[in-house]
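Undergrad: Please read through the structure below; I'll follow up with questions.
The values are calculated or read from the model by the stated rules, or taken from the named source; none is laboratory data. Everything numeric here is computed off the predicted structure, so don't read it as measured data. With ideal geometry, Cβ positions are generated from the backbone for all residues, glycine too; neighbour counts draw on all protein chains shown. Please note that ligands, DNA and RNA were not included when accessible areas were found on the heavy atoms of the full protein model with its side chains. Shrake-Rupley method; radii C 1.70, N 1.55, O 1.52, S 1.80 Å.
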Amino acid sequence: MAILEDISAFVQQGRAKNVKALVAQALEEGIDAQQILNDGLLAGMDVVGERFKKNEVYVPEVLLSARAMNMGTELLKPHLQGEAAVQKGTVVLGTVKGDLHDIGKNLVHMMMEGKGLEVIDLGVDVSAERFIEAAKEHNASIIACSALLTTTMGEMGNVVQLVKQNDLPVAVMVGGAPVTQAFADSIGADCYTADAASCADWALQYCQSHAS
Ligand code: B1M
């Protein structure tokens, strides 16, 4: 669809206002929000990621694209979240220590809230200790960690270790581009999912099956 290709192109160019206008137009035209996200915004960000890898674009350009992507996802938020629901469980969420990537984490936040889960979002650069403190403070059922760097994903193992040491009744979920099921298994995480929607589905199921 031409409009989705245009959204992708504007994300690549970091043109936030154009992205916002076209996402609004696509919604008005009745295009499904998930399709706008996948084939427009995320498709554009994929291209940016490939160019970043080849040093064809640099941090400032990537930040502009990230801002454009965020403006688009803000508009999609109510459509992706669906009906407001009663609170079904509490999740402590964050991007791990040393890591400042937050777009995927924000998608996870949005999808979880859409399922009626309470999300305590600790933001980026979150240490294992901080995850544990917040889980205790909010009596959370789940700690959800996002990592985008191979150099930071090890902090997820520290979270699992601290959960065990503190004997916390909390499931640890992990995800983010470099994270795999094999990695999740190797650190003893309770769940790995590849995308934000599956992450929210698993979290909801877990909270429902562990409701006291
Ligand atoms: Co960075 N960066 N970046 N970056 N950046 C990557 C991740 C990289 C793959 C680019 C590349 O080389 N191709 C590379 C990492 C290489 C590696 O370690 N394997 C990289 C690098 C190297 C860096 C710097 C070190 C660059 C530098 O300074 N030299 C630096 C590190 C800064 C730091 O964090 N300390 C850096 C900086 C940045 C920006 C600040 C410029 C910016 C971030 C802006 C922001 O987030 N606000 C940025 C961006 C935007 C990217 C790329 C281009 C896009 C990431 C993204 O947002 N994708 C990225 C390349 C790429 O991934 N293609 C890249 C869209 C987002 C929706 O996807 O977060 O994967 P993602 O989320 C997905 C799934 O992974 C999943 O759900 C989402 C889909 O539904 N998911 C979960 C995410 N979290 C989950 C948690 C779950 C479950 C699923 O359970 C809890």
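Undergrad: Going by the conditions given, is His101 open to solvent by 40 Å² or more (accessible area, probe 1.4 Å) and not in a loop (DSSP other than H, G, I, E, B)?
TA: No, not satisfied.
Undergrad: Here are some conditions: (1) exposed (fewer than 15 other Cβ atoms within 10 Å of the Cβ); (2) at positive phi; (3) more than 12 Å from the ligand (Cβ to nearest atom). Ser209 meets all but one. Which one does it not meet?
TA: The single condition Ser209 does not satisfy is (2).
Undergrad: Something else now. For the stretch 74-91, state whether one or more residues are β-branched (Val, Ile, Thr), in contact (Cβ under 8 Å) with a residue 12 or more places away in the chain and over 30 Å from Pro169 (Cβ atoms). Even if it seems obvious, please write down each step before you answer.
TA: Restricting attention to the stretch 74-91, the residues satisfying the condition of being β-branched (Val, Ile, Thr) are 86, 90-91.
From what's left, in contact (Cβ under 8 Å) with a residue 12 or more places away in the chain: 86, 90-91.
Among the residues that remain, those that are also over 30 Å from Pro169 (Cβ atoms) are: none.
Checked the stretch 74-91: no residue is β-branched (Val, Ile, Thr), in contact (Cβ under 8 Å) with a residue 12 or more places away in the chain and over 30 Å from Pro169 (Cβ atoms).
Undergrad: Among the listed residues Ala144, Ala177, identify the single one that is in contact with a Leu (Cβ under 7 Å, 6 or more places away or on another chain), within 7 Å of the ligand (Cβ to nearest atom) and closer than 19 Å to Tyr206 by Cβ.
TA: Values: Ala177 fails: closer than 19 Å to Tyr206 by Cβ.
Criteria check complete, one pass: Ala144.
Undergrad: With the requirement that a residue be modelled with pLDDT of 95 or more and in contact with a helix residue (DSSP H, G or I) (Cβ under 8 Å, 6 or more places away or on another chain), what does the stretch 18-34 give you?
TA: Asn18, Val19, Lys20, Leu22, Val23, Ala24, Gln25, Ala26, Leu27, Glu29, Ile31
Undergrad: Which of the residues that make up the stretch 27-46 are touching a residue at least 24 places away in the same chain (Cβ under 8 Å), part of a helix (DSSP H, G or I) and more than 14 Å from the ligand (Cβ to nearest atom)?
TA: Hit for the stretch 27-46 is Leu27, nothing else.
Undergrad: A further question on this structure: Return the residue satisfying two criteria in turn: it lies in the stretch 189-206 and is open to solvent by 60 Å² or more (accessible area, probe 1.4 Å) and outside any helix (DSSP H, G or I), and of such residues it is farthest from Gly157 (Cα to Cα). Steps first, answer last, please.
TA: So in the stretch 189-206, the residues open to solvent by 60 Å² or more (accessible area, probe 1.4 Å) come out as 190, 194-195, 201-202, 205.
Narrowing further to those that are outside any helix (DSSP H, G or I): 190, 194-195.
Details: Asp190: 11, Ala194: 18, Asp195: 20 Å.
Here the answer is Asp195.
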